[in-house]
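Enquirer: Encoded as structure tokens, here's the structure I'll be asking about.
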Amino acid sequence: MGRLQDKVAVITGAGQGIGLAYAERFLAEGAKVVVAEISEERAASAMKQLDGLGDATFVRTDISDEQSANDCAAATIDRFGTLDILVNNAALYYDIENERNDYAYLQKVFSVNLHGAWLMSRACAPTMVEKGWGRIINQSSDAAYLYNLAPMGTFHEVGAFTYSQTKWGVIGLTKFLASQLGQYNVTVNCIAPGVTMTEATKKIVPEEFIGMIPMMSAMKQSLEPEDLAGTAVFFASDDAKLVTGQVLCVDGGSCMPA
Ligand SMILES: NC(=O)c1ccc[n+]([C@@H]2O[C@H](COP(=O)([O-])OP(=O)(O)OC[C@H]3O[C@@H](n4cnc5c(N)ncnc54)[C@H](O)[C@@H]3O)[C@@H](O)[C@H]2O)c1
């Protein structure tokens, strides 16, 4: 018996990277998994990797689109008869344009990284509330806490801090959702990973910085996607049945917020 035996889990952005590692681990723990992913190409490759590990299905989903989020929840219930766990992992990270500082782009990133998590929660929570059991696990980032990394130099304009703002927002969303849904036995928690060695990190983070990252943590170790999966399983399991509204930094001791 796995720790998530027969639970139905929707994992957004499971086409690659951390979401895919969550899908693999959830299947190993006996869950049935919906790969809710915008990219058909990434999903096809992920489904090949998940083949033979358990009961997984792909539902093409754009979490920033209300209809698509609702359709994903409906397709999950059609396929598996219920919905127990939502992992709000998808974000613009691999595909982020860090050099953009304009308002239109800030709104676009918010629409995926923060509002997408809200839309998916709104689509999935009613089933959890109705059955009196549910888990929502949001994905923030250490980036939410790294206020002191703002570059020095001549002032031109207020920065967008796009990715970090959205990831701080995810922490706030976690607490508001937790306070509303707790009475229905639905917990809402958040994982804040440190820099993790996914394809996205290799593309986004400068190589010289990647080498320095482990040295900035207490444990002097770099993180692989699999290192995060146990925390997601814990939040989803009955071991965490009275844990809600919490943020857990899984980062080898880089941030340690109070
Ligand atoms: N890798 C890291 O170092 C790190 C650190 C902290 C937090 N995170 C967070 O962890 C999560 C996964 O990180 P990753 O490195 O695997 O990133 P990634 O960019 O490789 O994966 C994100 C996935 O989400 C999908 N996606 C993007 N927009 C979508 C949308 N509108 N609807 C549905 N799917 C969409 C992408 O296609 C992709 O498969 C993200 O939330 C990221 O912000 C990553």
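The values are calculated or read from the model by the stated rules, or taken from the named source; none is laboratory data. Just so we're clear, the structure is a prediction, and the values are computed from it rather than from any experiment. Cβ placement follows ideal geometry from the backbone for every residue including glycine, while neighbour counts extend to all protein chains displayed.
Enquirer: Give, as residue ranges, the strands (runs of 3 or more DSSP E) completely inside the range 54-161 that count at least 1 residues that are under 26 Å from Ser179 (Cα atoms).
Expert: Where strands (runs of 3 or more DSSP E) fall fully within the range 54-161 and carry at least 1 residues being under 26 Å from Ser179 (Cα atoms), they are 85-88, 134-139.
Enquirer: Please determine whether any residue of the range 198-217 is surrounded by 20 or more Cβ atoms within 10 Å (Cβ to Cβ), away from the ligand (no atom under 14 Å from the Cβ) and closer than 19 Å to Ile18 by Cβ.
Expert: No: zero hits.
Enquirer: Please go through the range 69-81 and give me each residue that is surrounded by fewer than 20 Cβ atoms within 10 Å (Cβ to Cβ) and closer than 19 Å to Leu114 by Cβ, ordered by number.
Expert: Passing the criteria: only Asn70.
Enquirer: Another question, if that's okay. Looking at the range 220-239, is at least one residue buried (at least 16 other Cβ atoms within 10 Å of the Cβ), touching an Asp or Glu at 6+ places or on another chain (Cβ under 6 Å) and under 24 Å from Ser121 (Cβ atoms)?
Expert: Checked the range 220-239: at least one residue is buried (at least 16 other Cβ atoms within 10 Å of the Cβ), touching an Asp or Glu at 6+ places or on another chain (Cβ under 6 Å) and under 24 Å from Ser121 (Cβ atoms).
Enquirer: Continuing with this model, one more query. Checking Lys167 against (1) surrounded by fewer than 19 Cβ atoms within 10 Å (Cβ to Cβ); (2) at pLDDT 95 or above; (3) charged (D, E, K, R): exactly one of these is not met. Which one?
Expert: In the conditions (1) surrounded by fewer than 19 Cβ atoms within 10 Å (Cβ to Cβ); (2) at pLDDT 95 or above; (3) charged (D, E, K, R), Lys167 misses (1) alone.
Enquirer: Being farther than 28 Å from Leu83 by Cα and not charged (D, E, K, R) is the requirement here; does Gly245 meet it?
Expert: Considered against the rule, which asks whether it is farther than 28 Å from Leu83 by Cα and not charged (D, E, K, R), Gly245 comes out as no.
Enquirer: Go through the range 24-52 and give me each residue that's outside any helix (DSSP H, G or I) and either farther than 20 Å from Thr231 by Cβ or within 12 Å of the ligand (Cβ to nearest atom) (or both).
Expert: Lys32, Val34, Val35, Ala36, Glu37, Ile38, Ser39, Asp51, Gly52
Enquirer: Would you be able to tell me the number of residues in the range 175-205 that are in a helix (DSSP H, G or I) and within 21 Å of Gln246 (Cβ to Cβ)?
Expert: 10
Enquirer: How about the range 218-258: which of its residues are within 15 Å of the ligand (Cβ to nearest atom) and in a helix (DSSP H, G or I)?
Expert: Glu226, Asp227, Leu228, Ala229, Thr231, Ala232, Phe235, listed by residue number.
Enquirer: Take the residues in the range 53-100 that are among the basic types (Lys, Arg) and modelled with pLDDT of 95 or more, then tell me which one is farthest from the ligand (Cβ to nearest atom).
Expert: Looking at residues that are among the basic types (Lys, Arg) and modelled with pLDDT of 95 or more, I get Arg79.
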